[in-house]
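Values in this text are rule-based calculations from the coordinates and carry no lab data. In this text, all values refer to a predicted model and were calculated from it rather than measured experimentally. All Cβ positions, glycine included, derive from the backbone under ideal geometry; neighbour counts span all protein chains shown.
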Amino acid sequence: EINQITLADFPTQRHALPTIPPSEKVILHIHGGAFFLGGPNTHKGLGSQLAGQTGATVYMLDYPLSPEFVYPSAVNAVKSAYMALMQQGYDAKNIIMSGDSCGGNLALAAVLSLRDEKIILPSCLILMSPFLDLTLSGESMQMNKKLDAMLSKELLQQGSRYYVGENYSLDNPLVSPLFAELSGLPP
């Protein structure tokens, strides 16, 4: 069952199996789309699969997209949604933070920020092909440029510029979590 709700003032799709009582486990999933594309509807199938395969309730956050909203707007939205889940009574040990592509970046950046703010962290992270290096400095960018069916280096560069705007460097650890200190994170 899929419902449209509001979580921390952001539109959100809630995917849940019709179980009584509802699952105590929740997944906060952050969709991909190079920071400026996509939303819960483009990732509805993934949300339903996550709910069906895990039995958890899945929240697909409709976070603010760039270029209208630049860093840290999306990271702050993810943090706010996480905090809202805890305010609704979910225990952090039952919350999983998940993301695909740039959503993996946002999930990890949000958890890094929560860690630095000494806020209790979710039980684990699921990062599906996360876009963690906005500098695009890895040699795989060159080696695989003709193999990727969806994303070109140019599209990723455009998404990165939209996301960061003028105020932050692409190698900032909360913009490109590949460069962050990763100690103290959940599995």
Given pairs LYS79/LYS153; LYS44/LYS153; LYS118/LYS153; LYS25/LYS79; LYS79/LYS118 and cut-off 24 Å on Cα-Cα distance, the over-length ones are LYS79/LYS153; LYS44/LYS153; LYS118/LYS153
Burial-style ranking of 94-105, 12-23, average other-beta-carbon count within 10 Å with highest first, yields 94-105, 12-23
Taking the alpha-carbon centre of each part, the distance from the range 149-187 to the range 62-77 in Å is 13
Between the alpha carbon centres of the range 23-61 and the range 106-139 the gap in Å comes to 17
With the 8 Å Cα cutoff and a minimum separation of six or more residues, the chain has a relative contact order in percent of 23
Whole-number value, in Å³ per residue, for the convex hull of the alpha carbons of the range 1-153 is 116
With the dipole of the range 2-177 defined by +1 on each Lys or Arg Cβ and -1 on each Asp or Glu Cβ, the option from ASN41, LEU134, LEU108 whose Cα lies farthest towards the positive pole is ASN41
For PRO122, the net charge from surrounding residues (Cβ-Cβ under 13 Å; K, R +1; D, E -1) works out to +3
